[in-house]
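These notes concern the structure reproduced below.
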Amino acid sequence: MPERPRIRSLPIPRTPADPGFWRSPVRGARFTAVLGLVLLVGLTLLFVTGLLSYAAYNPDLNRVNDKTPGKGLLGFYLFSWPTGPHWLYRLTQGLHVTAGIVLVPVLLAKLWSVIPRFFALPPVRSVGHALERLSLLLLVGGALFQFVTGLLNIQLDYLFPGSFYTLHFYGAWVFLAGFLTHTVLKTPQAVRALRDGLPRGGPDVLAAPDPLPATLSRRGALALVGAGSLLLLITSAGRSFDGTPRRIALLTPRGGTDPGPGPNAFQVNKTATAVRIRPADTGENWRLTVRGPAGEFRLSRAELLAMEQHTAHLPIACVEGWSTSDQQWRGVRLADLAALAGYPDRPPGVFVESLQRRGSFRKAALRDNQVRDGRSLLALRVNGAPLSPDHGYPARIIVPAAPGVLNTKWVETLTFGEL
Ligand code: HEM
């Protein structure tokens, strides 16, 4: 009797819930621990510099400075933003956005390293396990949300369903809830994994039980992640430094080029055309209106140039994280205009209104410490020449350590005291 052919049992396809489904030999507690500790430092830096970015708006001073007025208790930490050191916001926001870009490879590698845990069954084993899973959802969902909104914000002009500020500000607190829980739960394990190589009393649940032959060591994989972050650092951080660093900052707006020679040849966010400033608005008939207890004064550019002029060397530091080097601004001190308005001593804050008819920062409020700082100017000239239309001709605000959006261009009215 001819032998019946034996039917070979086909291997049962593994599902992602099966640990054997994940075959990369790179995964493991130590790999994840290294990435986790880098993110612990990096995400903390992101959160702190993000909160500082919001505080730098002095949002509690006036509604025009506050894009998330419904924040309630989440504004507990706010304080009056200082005017020194003059490069403060340039540093904090530069760090925020650069760290946000540079951490992308680390975040993605960390998520890749723990992805098998997301599919582990049963999804919930106990109340404690359910809470841990919930914190992971807030952490991973919150972090991805913050990175996506942040990166889109700096790369593409406000391309959001809803206000970036609301999304990113409240997203940060959702993220924080998950981040704190995860940090408390996982840091001891991560430290142990680095020290002993394995989690206490148990198998390395992140390592593949049936790994494929290695094509890359864990150290090699970490080096690859590090190289990715380094490449992003080199091609993004330079957008805040003139010359070669800015020229090689190809990945971000305002990088990759040098705006060329000339006193007004430095980076600009909104151009006069973009916010519909017409030459007629800024011509001979332009007048600055200054209001205060002493009355209302309308000053021409010539009259402003006839007042005592002062010089300040200050950068433009944009909320999108790029900045210029210090430029030499020249104009009238805000404190001197406050004196004209009726506040010769200890001037109060000022409400600034621009000629621009579009844009969410055509009005801004400056606090008294900002008005009183001798470097705070209504600038009429820069680097020895009149301001260009894109830099705010006929007159613009320049205040040390303030976000670019509060240095109002094409100024029309200054109202001292009423904030
Ligand atoms: C977990 C990560 C992050 C957290 C917790 C975080 C947190 C914050 C917070 C609290 C603010 C202040 C929001 C406001 O002024 O209303 C902020 C502002 C900002 N963040 Fe983030 N952020 C994160 C990631 C990122 C990333 C990855 C980027 C981009 C690369 C980014 C770009 C920005 C920008 C451009 C602003 C200023 C917005 C403006 O004032 O116009 N953020 N961030």
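Annotations
- Taking each of LYS71/LYS186; LYS71/LYS363; LYS67/LYS363 in turn, the alpha-carbon distance tops 18 angstrom for LYS71/LYS186; LYS71/LYS363.
- Relative contact order of the stretch 64-186: 31 percent, from C-alpha pairs under 8 Å at least 6 residues apart in sequence.
- Full-extension gain in nm, PHE118 to LEU73, via 0.36 nm per residue minus C-alpha separation: 12.9 nm
- Label sites at PHE21 and LEU111, each approximated as a point 7 angstrom past Cα along Cα to Cβ, lie 1.8 nm apart.
- Accessible surface, per residue, of the stretch 19-240 when the full set of protein chains is kept, probe 1.4 Å, Å²: 49 Å²
- Per-residue accessible area (protein heavy atoms, 1.4 Å probe) orders ASP66, ASP18 as ASP18, ASP66, starting from the largest.
- Taking 0.36 nm per residue of sequence separation and removing the Cα-Cα distance, the ALA223/ALA385 pair yields an extension gain of 53.4 nm.
- Calculated on the Cα set of the chain, radius of gyration then Dmax: 27.5, 118 Å.
- In a fully extended conformation the segment linking ARG357 and VAL205 would gain 48.9 nm over its present Cα-Cα distance, using 0.36 nm per residue.
- The overall shape of the stretch 279-416, judged from the alpha-carbon gyration tensor, is rounded, with an a/c ratio under 1.5.
- Partners for LYS409 among aspartates and glutamates (Cα-Cα distance below 14 Å; same-chain residues under 8 apart left out): ASP281, GLU353, ASP390
- Cβ crowding within 10 Å averaged over residues, with 386-398, 101-113 ranked highest first: 386-398, 101-113
- Projecting label points 7 angstrom from Cα along Cα→Cβ for ASP345 and ALA265 puts them 4.9 nm apart.
- Solvent-accessible area, 1.4 Å probe, carbon plus sulfur percent, for the chain: 64 percent
- Nearest-0.05 FRET efficiency for LEU231 and ARG125, computed from C-beta distance (R0 35 Å): 0.30
- Each of ALA306 and ARG278 was given a label point 7 Å from its Cα along the Cα-to-Cβ line. The distance between the two points is 2.9 nm.
The values are calculated or read from the model by the stated rules, or taken from the named source; none is laboratory data. Please read all numbers here as calculations on a predicted model, not as lab measurements. Counting neighbours? That spans all protein chains shown, and the Cβs are built from the backbone with ideal geometry, glycine included. The protein model used for the area step is the full one, side chains on, heavy atoms only, and it has no ligands, DNA or RNA in it. Shrake-Rupley method; radii C 1.70, N 1.55, O 1.52, S 1.80 Å.
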